[in-house]
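K.L.:
Let me give you the structure first, and then I'll get to my questions.
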Amino acid sequence: MHTCKERAMHIVFALTACVSIAAVVLICVFLFANGVPAIAEIGVFRFLLGTEWRPENNIFGILPMIVGSLYVTAGALLIGVPVGILTAVFMARFCPPKLHKILTPAINLMAGIPSVVYGFFGLVVLVPFVREYIGGRGMSVLTASVLLGLMILPTIINVSESAIRAVPSSYYEGALALGATHERSVFCTVVPAAKSGIFAGIVLGVGRAIGETMAVMMVAGNQPLIPDSLTDGVRTLTTNIVMEMGYSTDLHREALIGTAVVLFVFVLLINVSFSLLKRKGAKA
Amino acid sequence: MTKQINTTTWQQRIRSYSRHPGSLILFLLVCLAALITAAALLFVVGYILVKGIPHLTPSLFEWKYTTENVSLMPALINTLFMTVLALLFAVPVGIGAAIYLTEYAGRGNKLVNLVRITAETLSGIPSIVYGLFGSLFFVKALHMGLSLLSGALTLAIMILPLIMRTTEEALLAVPDSYREGSFGLGAGRLRTVARVVLPSAIPGILSGVILGIGRIVGESAALIFTAGTVAEVANSLFDSTRTLAVHMYSISGEGLYLDETYATAVVLLVVVIAINALSSVVAKKLSKN
């Protein structure tokens, strides 16, 4: 009786552990089974490298969306990475403990604010600002990048801060003892030692930025064209799906699922590089 | 006041900076970055609160949604349903999986590696991909339709890795002596886990669950194509519903209800802030133990 119950629960726990495996398999199967035939029907190169997206004429080229996602993500990194890393350095090495007690929950709150709220904020504050002072219609690569940069800040800060804190204090003390200033010790010994952890944070931020949907949709303008300037509207892979999924049918629908497949592959690549970096960081 | 050693006075610091201008620049840059981060957060939260609080009218909380009052009450109640339902699926599975990983699986178990890799993969998948998967699998293949249930199951998969990871960390933090003591008294593995390990890991598990609630409340992209956007309180598991975040997205897209959108954003923010506060209280309790 006793061992019977033990064995039964062992199996139950093992089964629950398998749920995540099953979920990944199901997600892959359903996405690929629905998306890959469409990509094959359209033609891999015409799908990936086609610059025109006109569902009404059965022309499905997602290059503008791929480029759009890359532009917006790069823009977000340009803003989020320097500010994020410097803030992480501040929190780990410069900030008085009292301030740290306020900043940590603040950063967590920043991570917790729903993306619709960020998107709405972008819509009512950033879009008019860009339209007034920088030009264009306001809904643009620039607006989306700034908003996304803001949204990936907490991710970068959290991961980088714990990487910086994990560096043994002997590094810092050694530099200080050699006569370097506090800043020089931090930036020339501690930060380089935390390099792979900081990179892991950046990669995680890339994942967030490329996968963000609602906030980008509300501020990016969503024209399926490759933008020529920072103030042009842009459509990303994620927004392409969410904009048209509601009313699409047949090949159009499958082309959207194909878009998700492309996005999924991007995210998998990012995930793999993240875990490689993390492993490297753990070893070092 | 204890006497401090190894401290520098302001004069000493200024003198040092005048000798090392590079350090001064770095110091200023670091402070500037922190200031930008803090200011951005304050601006976002402050702007929404200032613009939204005056529009928190009683009509916004009326029981029924009409295009007149744009009530958020049904959405709020649906959010509660959605949260409870998603947790009902995700928490037992997440905790069970974490127990398996930490307590049952031996070292070098291949299954463990696979579970870890897949959980990591799951946590990186964007919410729109979850939404699409949910609409292909739960809505279409399992014929659940746009419903509370489809939405909750999609969200459950989404927060599963979070629950697993936090629970695993909490279980690993339980000292081995507890387990040894329990085994030494003749308890089996199951009894040890249920009576000794799990109870002492509860605060850690709870903070993971609270984080999961935060993600459920804020989620919109994964729900539009799985739970739909009907603005009524769900009567059954198979009714289409909208949660608060989806509600806010829908009314902001129509462009007619700017004031109501601000007010809804306030409610959403307050909920998120409350959840965050709760999780830090729990975390503090954890660190005290």
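The values are calculated or read from the model by the stated rules, or taken from the named source; none is laboratory data. Keep in mind that this is a model prediction, so the values were computed, not measured. Every residue, glycine as well, gets a Cβ built from its backbone with ideal geometry; the counts of neighbours run over all protein chains shown. We work out accessible area using only protein heavy atoms, side chains counted, and drop any ligands, DNA or RNA first. Shrake-Rupley method; radii C 1.70, N 1.55, O 1.52, S 1.80 Å.
K.L.:
Only one of (1) modelled with pLDDT under 90; (2) more than 13 Å from chain B (Cβ to nearest Cβ); (3) open to solvent by less than 40 Å² (accessible area, probe 1.4 Å) is not met by A:Ala282, so which one is it?
P.N.:
Among (1) modelled with pLDDT under 90; (2) more than 13 Å from chain B (Cβ to nearest Cβ); (3) open to solvent by less than 40 Å² (accessible area, probe 1.4 Å), A:Ala282 violates only (3).
K.L.:
Within the range A:141-148, identify whether any single residue is in contact with a strand residue (DSSP E or B) (Cβ under 6 Å, 6 or more places away or on another chain) and closer than 21 Å to A:Pro82 by Cβ, and answer yes or no.
P.N.:
yes
K.L.:
State the number of residues belonging to the range A:92-107 that are open to solvent by 40 Å² or more (accessible area, probe 1.4 Å) and either within 13 Å of A:Leu148 (Cα to Cα) or among the β-branched types (Val, Ile, Thr) (or both).
P.N.:
2
K.L.:
Only one residue in A:Leu142, A:Leu78, A:Leu147 is closer than 30 Å to A:Leu49 by Cα and open to solvent by 50 Å² or more (accessible area, probe 1.4 Å). Which one? Steps first, please.
P.N.:
On the way: A:Leu142 fails: open to solvent by 50 Å² or more (accessible area, probe 1.4 Å); A:Leu147 fails: open to solvent by 50 Å² or more (accessible area, probe 1.4 Å).
The match here is A:Leu78.
K.L.:
Another one. Does B:Thr241 fit the bill of being crowded, with 22+ Cβ neighbours inside 10 Å and over 26 Å from B:Val45 (Cβ atoms)?
P.N.:
Yes.
K.L.:
Considering only the range A:229-252, I want to know if a residue exists there that is among the hydrophobic types (A, V, I, L, M, F, W, C), more than 9 Å from chain B (Cβ to nearest Cβ), over 18 Å from A:Glu52 (Cα atoms) and not in a helix (DSSP H, G or I).
P.N.:
yes
K.L.:
Taking only the range A:1-37 into account, find how many residues are more than 7 Å from every other protein chain (Cβ to nearest Cβ) and in contact with a Pro (Cβ under 9 Å, 6 or more places away or on another chain).
P.N.:
Of the residues in the range A:1-37, the ones more than 7 Å from every other protein chain (Cβ to nearest Cβ) are A:1, A:3-4, A:7-8, A:11, A:15, A:18, A:22, A:25, A:28-29, A:32-33, A:35-37.
With the extra rule that they be in contact with a Pro (Cβ under 9 Å, 6 or more places away or on another chain), the set shrinks to none.
So the answer is 0.
K.L.:
Given the criteria open to solvent by less than 10 Å² (accessible area, probe 1.4 Å), touching a residue at least 40 places away in the same chain (Cβ under 8 Å) and over 21 Å from B:Thr226 (Cα atoms), does A:Gly201 qualify?
P.N.:
It is true that A:Gly201 is open to solvent by less than 10 Å² (accessible area, probe 1.4 Å), touching a residue at least 40 places away in the same chain (Cβ under 8 Å) and over 21 Å from B:Thr226 (Cα atoms).
K.L.:
Now a separate question. So how many residues does the range B:99-122 have that are more than 7 Å from chain A (Cβ to nearest Cβ), among the polar types (S, T, N, Q) and buried (at least 18 other Cβ atoms within 10 Å of the Cβ)?
P.N.:
1
K.L.:
Being open to solvent by 80 Å² or more (accessible area, probe 1.4 Å) and either modelled with pLDDT of 95 or more or more than 11 Å from chain A (Cβ to nearest Cβ) (or both) is the filter here, so list the residues in the range B:8-31 that pass it.
P.N.:
B:Trp10, B:Gln11, B:Gln12, B:Ile14, B:Arg15, B:Ser18
K.L.:
Separate question: Do you know which residues across the range B:150-170 are surrounded by fewer than 24 Cβ atoms within 10 Å (Cβ to Cβ) and either more than 12 Å from every other protein chain (Cβ to nearest Cβ) or of a type in the set (Phe, Trp, Tyr) (or both)?
P.N.:
Within the range B:150-170, B:Thr166, B:Glu169 meet the criteria.
For every residue, the table says whether it meets (1) touching a residue at least 60 places away in the same chain (Cβ under 8 Å); (2) under 16 Å from the mean Cα position of the chain (by Cα).
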site: B:Ala90; (1), (2): yes, yes
site: B:Gly124; (1), (2): no, yes
site: B:Ser127; (1), (2): yes, yes
site: B:Phe138; (1), (2): yes, no
site: B:Leu142; (1), (2): no, no
site: B:Leu148; (1), (2): yes, no
site: B:Glu168; (1), (2): yes, no
site: B:Leu172; (1), (2): yes, no
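K.L.:
Still on this structure: Does B:Gly96 satisfy the criteria of being away from every other protein chain (no Cβ under 11 Å), surrounded by fewer than 22 Cβ atoms within 10 Å (Cβ to Cβ) and either more than 17 Å from the chain's Cα centre (by Cα) or not in a helix (DSSP H, G or I) (or both)?
P.N.:
Details: away from every other protein chain (no Cβ under 11 Å): no; surrounded by fewer than 22 Cβ atoms within 10 Å (Cβ to Cβ): yes; either more than 17 Å from the chain's Cα centre (by Cα) or not in a helix (DSSP H, G or I) (or both): yes.
For B:Gly96, the condition - away from every other protein chain (no Cβ under 11 Å), surrounded by fewer than 22 Cβ atoms within 10 Å (Cβ to Cβ) and either more than 17 Å from the chain's Cα centre (by Cα) or not in a helix (DSSP H, G or I) (or both) - is not met.
K.L.:
Looking at the range B:174-185, is at least one residue open to solvent by 40 Å² or more (accessible area, probe 1.4 Å), within 30 Å of A:Ile241 (Cβ to Cβ) and not acidic (Asp, Glu)?
P.N.:
No: the range B:174-185 contains no residue that is open to solvent by 40 Å² or more (accessible area, probe 1.4 Å), within 30 Å of A:Ile241 (Cβ to Cβ) and not acidic (Asp, Glu).
K.L.:
Quick one: how many residues across the range A:183-208 are more than 10 Å from chain B (Cβ to nearest Cβ), small (Gly, Ala, Ser) and assigned to a helix (DSSP H, G or I)?
P.N.:
Final tally of qualifying residues: 6.
K.L.:
For A:Ile42, which of the numbered conditions (1) within 14 Å of another protein chain (Cβ to nearest Cβ); (2) buried (at least 17 other Cβ atoms within 10 Å of the Cβ) fails to hold?
P.N.:
It is condition (1) that A:Ile42 fails.
K.L.:
Pull up the range A:108-129, narrow it to residues that are in contact (Cβ under 8 Å) with a residue 60 or more places away in the chain and open to solvent by 10 Å² or more (accessible area, probe 1.4 Å), then point me to the one that is farthest from A:Val234 (Cα to Cα).
P.N.:
A:Ser115
K.L.:
Tell me whether the range B:262-270 contains one or more residues that are more than 10 Å from chain A (Cβ to nearest Cβ) and among the polar types (S, T, N, Q).
P.N.:
No: zero hits.
K.L.:
Quick one: in the range A:62-102, which of the residues that are of a type in the set (S, T, N, Q) and out of contact with any Phe, Trp or Tyr (no Cβ under 8 Å at 6 or more places or on another chain) is nearest to the other protein chains (Cβ to nearest Cβ)?
P.N.:
Step by step, filter the range A:62-102, then rank; the result is A:Thr87.
K.L.:
Give me the residue from the range B:35-83 that is without any contact (Cβ under 8 Å) to a residue 24 or more places away in the chain and among the β-branched types (Val, Ile, Thr) and, out of that set, farthest from the other protein chains (Cβ to nearest Cβ).
P.N.:
Result: B:Thr66.
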